[in-house]
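Remarks on the structure that follows.
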Amino acid sequence: MAAPLAGVRILEVATHVFVPMSGAVLSDWGAEVIKIESPDGGDPYRGLVTAGLHKMHHGVDVHFQATNRGKRSVALNLKHKDGRRLLSRLIETCDVFVTNLRPEARRRLRIEPEDVRADNPSIIYMRGSAFGQRGPEGERGGYDSGAYWARSGMQQIFTGPDASWPASPRPAFGDVVGGLTIAGAIGTALYQRAATGHPPVLDVSLLALGMWQVQMDVLNASLSDDPAPRPVPNRYEMPNPLMLAYRTKDDRFINLQLLAPDRFWPDLCEVLGQPHMANHPDYADIDSRKAHARACIEWLESIFAERTFDEWKQTLPSFPGEWTPTVSPHELKDDPQVRANDYLARIELDDFDMPVVAPPVQFDAQTPQPTRAPELGEHTEAVLLELGLSWDELGTLKASKAIL
């Protein structure tokens, strides 16, 4: 069966993770993604391994692989008139143009929507930014740790009340969410163009993504006159003790997630080996458990502390309510549920197969089979030959430094 985006051609003029990650998703879904890179070093994301910011494994930058898998790299000097002319010829052949360059750079390289549409009026144009295209900060750049994490309010939400410094996000925390969002938006835009003939201009910002992520907090805050963030609730005052994590004998954790606690309370008492507690007057229903929250939580803590993490994992599967073990990323590669659903795909490299997280959407229960990320300019000659250029023309372009 053909991949869902087979036949779609994406032209990417973007760097780092936000926006390029969308190309990885689109490639996994079958699109051809042509990544334009500067002959002078390529995407700066290639260089972060030397700064100690990326993990190397068998000589491979695994972060760059995950973000750029399946793409074709064409090294064009867009500041050179012949390099820019070649970009126009590529634009003519593509369905979608994506970029995260700042407005000043887009103007300088003549890749604003009107410039790209002059070469291909039917192309879908997608631009990613830090803070949005309009307003006093529309020209500013930024990364996800600032625009997505700090500026959206997320950093304050996840910083404990007694913390000396604001909490930090995980690597590319907002970028990977942005890539998936952009991929979905491009799919919608392709449908819009097919249905109406109109190719839209798409705008996605890290600030908007962050606000979307914590929208329940943003909504609550917008309805309050109190500027202070809502305090982290005291564990022992939680109204539903069956929506908490509990420590096991070996200092691991089991999460209970019972939004319908009365329905599952008798079953929980049974699986905990305490069936007589189902009718305890202090815990028998949601109101009584709320009124005696501390006592109920402390009792559950004492029960979970009697067995190890593995013992609870063997006992709880018979429980019909919602629960999950708290695991580390290291454990996911061997997780039977992850394996059964093919949530980790593998890229074949020269010396080893590298695992990557597959896009969370599957089409017809099929897991994509991604291929490796390209070397800088690896496909320059092949792609330009497909445009009809001759080997003599390629030699002239290389001599003038218009291409790598």
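Tabulated values for the structure
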{"read-out": "Listing of helices (runs of 4 or more DSSP H) fully contained in the stretch 163-237 that carry 3 or more residues being hydrophobic (A, V, I, L, M, F, W, C) and in contact with a strand residue (DSSP E or B) (Cβ under 6 Å, 6 or more places away or on another chain)", "value": "173-196"}
{"read-out": "Exclusive hit being surrounded by fewer than 20 Cβ atoms within 10 Å (Cβ to Cβ) and in the same structural domain as residue 358 (by TED's automatic domain parsing), set 17, 49", "value": "49"}
{"read-out": "Pick from the stretch 267-313, criterion part of a helix (DSSP H, G or I) and among the hydroxyl-bearing types (Ser, Thr, Tyr), ranking: surrounded by the most Cβ atoms within 10 Å (Cβ to Cβ)", "value": "288"}
{"read-out": "Selection from the stretch 119-136 of residues that are more than 19 Å from residue 175 (Cα to Cα) and surrounded by fewer than 16 Cβ atoms within 10 Å (Cβ to Cβ)", "value": "121, 122, 134, 135, 136"}
{"read-out": "Extreme residue, nearest to residue 357 (Cα to Cα), among residues of the stretch 157-216 that are of a type in the set (Asp, Glu) and touching a residue at least 12 places away in the same chain (Cβ under 8 Å)", "value": "175"}
{"read-out": "Test: residue in the stretch 118-136 that is part of a helix (DSSP H, G or I), assigned by TED's automatic domain parsing to the domain that holds residue 191 and in contact with a helix residue (DSSP H, G or I) (Cβ under 9 Å, 6 or more places away or on another chain)", "value": "yes"}
{"read-out": "Breaking point among (1) touching a His at 6+ places or on another chain (Cβ under 8 Å); (2) at negative phi, for residue 172", "value": "(2)"}
{"read-out": "Every residue from the stretch 70-129 that is in contact (Cβ under 8 Å) with a residue 40 or more places away in the chain, of a type in the set (Asp, Glu) and over 22 Å from residue 183 (Cβ atoms)", "value": "82"}
{"read-out": "Residues (in a helix (DSSP H, G or I) and crowded, with 16+ Cβ neighbours inside 10 Å) located in the stretch 314-337", "value": "316"}
{"read-out": "Where residue 111 falls short, out of the listed (1) in a helix (DSSP H, G or I); (2) over 21 Å from the mean Cα position of the chain (by Cα)", "value": "(1)"}
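Residue by residue, here is whether (1) assigned by TED's automatic domain parsing to the domain that holds residue 22; (2) charged (D, E, K, R); (3) over 32 Å from the mean Cα position of the chain (by Cα) holds:
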residue: 332; (1), (2), (3): no, no, no
residue: 335; (1), (2), (3): no, yes, no
residue: 347; (1), (2), (3): yes, no, no
residue: 354; (1), (2), (3): yes, no, no
residue: 363; (1), (2), (3): yes, no, no
residue: 367; (1), (2), (3): yes, no, no
residue: 373; (1), (2), (3): yes, no, no
residue: 376; (1), (2), (3): yes, no, no
residue: 387; (1), (2), (3): yes, no, yes
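The values are calculated or read from the model by the stated rules, or taken from the named source; none is laboratory data. These figures come from a predicted structure and were not determined experimentally. We place every Cβ from the backbone using ideal geometry, glycine too, and count neighbours over all the protein chains shown.
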